[in-house]
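Taking it in order: structure first as structure tokens, then the write-up.
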Amino acid sequence: MDVVIAEDLWNDEGEGVIATWLFQNGEFVRQGAPLAEVMYEKAGMEIPAPASGHLTILIEPETPVRKGQVIARID
Amino acid sequence: MSATPRRLTIAKAMSEALGIAMEQDPTVLVLGEDIGALGGVFGTTQGLLERFGAERVRDTPISETAFIGAAVGLAAAGMRPVVELMFVDFFGVCMDAIYNLAAKQSYFSGGRVSCPMVLMTSVGGGYGDGGQHSQCLYSTFAHLPGLKVVLPSNAYDAKGLLLSAIADSNPVIFMFHKALQGMGWLGTVPGSIVHVPVETYTVPIGQAAIAKSGTDITLAGLGVTVHHALQAAVTLLQEGIDAEVLDLRTIAPLDRKALAASVGRTRRLIVIDDDYRSCGVSAEVIASACEGGVDWLAVPARITYPDVPVPYSPVLEHPLLPTAAAIVDTARRMFHRKAA
């Protein structure tokens, strides 16, 4: 399953940035656990795991991201 | 069934500890620059303004002398202020309130007036922020009687140490390392992000921790250098050297007992300290170990930042910082091994 930046995470169309991954590539994560922190306009937001499974990180920290973008996969 | 890990950054763990302390004790309040709506430049006070209001979560003007002085007064009057002073580099203008007032309050009053304040501040360089935003100054504070100084290397210790610091009746300097904070733009070391229980717990001030046990050599570090040491230990193990990594956690009072126990077993010591070299924590650790009477198998060594101001250019700064590679090289020499 894709891990996506939710459309309602922030209001306008600007870019955020991945601040930190809280788990590493290949680790097992449980549904609902915060996976990453994303900074937008100096505010930090958590991205929860949409499902349980093994994490594949697609976007490295300090990379700009947009709403709707796929940042990781859970298999 | 194993519990679900709950990973937090040090920034989140500190915010959580502050929230717990403020909920439990109405005399706890937080002040500093940009700690309100922004939640702290280093994310240490996230969500507190919304939960506790502007009376207890106070943004201050850029006047360190004024708000540190105010905090010392608040503490004398029975409050438990937690103050953030963004960068340790900025303490110069308010040192009188810290080392002449706060640190001596209990002593001068015969124990009748205490000073239960916590000063939170960021330390460390490596991200090109120049000589007035990149210092550590661990020993500058650890040198002064009456001050306790702590520096967590991971989020679990950050929460537990901050709760201990707030509960302490005397001033505690709570340092947090920028490279471990979890703010992204500073490049976070993944090892600092660990499972943090939701519940309240404390990590005692004055206790070091063994981050990795080993038998052949002690690598003593603090903050980010603990992670360099852990990385070096992996390489050394491949070469047959089983290193023990000691996380000092508290700089003052130093856990000399844990240090003596570790070097008593390994009889070899490297101290890794990203503060300036001369008269630093590294010197104090080596002197303390020697005073314990160790029958050394190799002369103790230290890997530190050199005695020069921190350059702005990364090209100049990066080669000066302690690294895992430097630890491995130094250890190999102690074992008379050639470079791989």
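The values are calculated or read from the model by the stated rules, or taken from the named source; none is laboratory data. Keep in mind that this is a model prediction, so the values were computed, not measured. Cβ sites come from the backbone with ideal geometry, for glycine too, and all protein chains shown count toward neighbours.
Determine whether B:Gly191 is free of Cβ contacts under 8 Å to residues at least 60 places away in the same chain and part of a helix (DSSP H, G or I). Give the derivation first.
Numbers: free of Cβ contacts under 8 Å to residues at least 60 places away in the same chain: yes; part of a helix (DSSP H, G or I): yes.
Here the answer is yes, as B:Gly191 does meet what is asked.
So which residues in region B:201-247 are small (Gly, Ala, Ser), in contact (Cβ under 8 Å) with a residue 12 or more places away in the chain and out of contact with any helix residue (DSSP H, G or I) (no Cβ under 8 Å at 6 or more places or on another chain), if there are any at all? Listed by number, the residues that qualify are B:Gly206, B:Ser213, B:Ala233.
Between B:Ala11, B:Ala37, which is within 14 Å of chain A (Cβ to nearest Cβ), surrounded by 15 or more Cβ atoms within 10 Å (Cβ to Cβ), in contact with a strand residue (DSSP E or B) (Cβ under 9 Å, 6 or more places away or on another chain) and closer than 22 Å to A:Met39 by Cα? Give the derivation first.
Details: B:Ala37 fails: surrounded by 15 or more Cβ atoms within 10 Å (Cβ to Cβ).
None of the others qualify; the one that does is B:Ala11.
Here is a yes/no grid of residues against (1) surrounded by fewer than 19 Cβ atoms within 10 Å (Cβ to Cβ); (2) under 24 Å from B:Ser278 (Cβ atoms):
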position	(1), (2)
B:Ala289	no, yes
B:Val308	yes, yes
B:Pro311	yes, yes
B:Pro314	yes, no
B:Thr323	yes, yes
B:Ala326	yes, yes
B:Ala331	no, yes
B:Phe335	yes, no
B:Lys338	yes, no
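Is it the case that some residue within region B:99-110 is touching a strand residue (DSSP E or B) at 6+ places or on another chain (Cβ under 7 Å) and aliphatic (A, V, I, L, M)? No - not one qualifying residue is present in region B:99-110. Report yes if B:Leu74 is more than 24 Å from B:Pro152 (Cα to Cα), within 14 Å of chain A (Cβ to nearest Cβ), surrounded by 17 or more Cβ atoms within 10 Å (Cβ to Cβ) and not polar (S, T, N, Q), otherwise no. No.
Counting only helices (runs of 4 or more DSSP H) that sit completely within region B:1-78, those holding 3 or more residues that are among the small types (Gly, Ala, Ser) and either touching a Lys or Arg at 6+ places or on another chain (Cβ under 7 Å) or touching a residue at least 60 places away in the same chain (Cβ under 8 Å) (or both) correspond to B:10-24. When B:Phe91 is tested against (1) surrounded by fewer than 17 Cβ atoms within 10 Å (Cβ to Cβ); (2) more than 14 Å from every other protein chain (Cβ to nearest Cβ); (3) in contact with a strand residue (DSSP E or B) (Cβ under 7 Å, 6 or more places away or on another chain), just one condition goes unmet, and that condition is (1).
For residues that are surrounded by 23 or more Cβ atoms within 10 Å (Cβ to Cβ) and over 19 Å from the mean Cα position of the chain (by Cα), scanning just region B:95-106, find the one that is farthest from B:Leu162 (Cα to Cα). Per the stated criteria, the residue is B:Gln105.
Collect the residues in region B:282-309 that are over 25 Å from B:Asp242 (Cβ atoms) and within 19 Å of the chain's Cα centre (by Cα), keeping them in residue-number order. Working first, answer last.
Going through region B:282-309, the residues over 25 Å from B:Asp242 (Cβ atoms) turn out to be B:283-284, B:287, B:291, B:305-309.
Scanning region B:282-309 gives B:Ala283, B:Glu284, B:Tyr305.
Residue count for region B:291-305, restricted to those that are part of a loop (DSSP other than H, G, I, E, B) and surrounded by 12 or more Cβ atoms within 10 Å (Cβ to Cβ): 6. Is it the case that some residue within region B:122-138 is crowded, with 24+ Cβ neighbours inside 10 Å, assigned by TED's automatic domain parsing to the domain that holds B:Leu18, under 12 Å from the mean Cα position of the chain (by Cα) and part of a loop (DSSP other than H, G, I, E, B)? Yes.
On inspection, B:Leu101 qualifies as over 24 Å from B:Thr9 (Cβ atoms) and away from chain A (no Cβ under 14 Å).
If a residue has to be within 14 Å of chain A (Cβ to nearest Cβ), closer than 15 Å to B:Val123 by Cα and of a type in the set (Val, Ile, Thr) to count, how many in region B:155-203 make the cut? Qualifying residue count for the region: 2. Just so you know, in region A:34-54 the residues that are among the hydrophobic types (A, V, I, L, M, F, W, C) and modelled with pLDDT under 90 include one that is farthest from A:Met1 (Cα to Cα), and it is A:Ala43. Only residues that are more than 14 Å from every other protein chain (Cβ to nearest Cβ) and among the polar types (S, T, N, Q) were counted in region B:40-66, giving 3.
Would you be able to say whether some residue in region B:186-200 is within 30 Å of A:Ala33 (Cα to Cα), surrounded by fewer than 19 Cβ atoms within 10 Å (Cβ to Cβ), in contact with a helix residue (DSSP H, G or I) (Cβ under 9 Å, 6 or more places away or on another chain) and of a type in the set (Val, Ile, Thr)? Yes.
Checking each residue in region A:1-32 for being of a type in the set (A, V, I, L, M, F, W, C) and out of contact with any strand residue (DSSP E or B) (no Cβ under 7 Å at 6 or more places or on another chain) picks out only A:Ala6.
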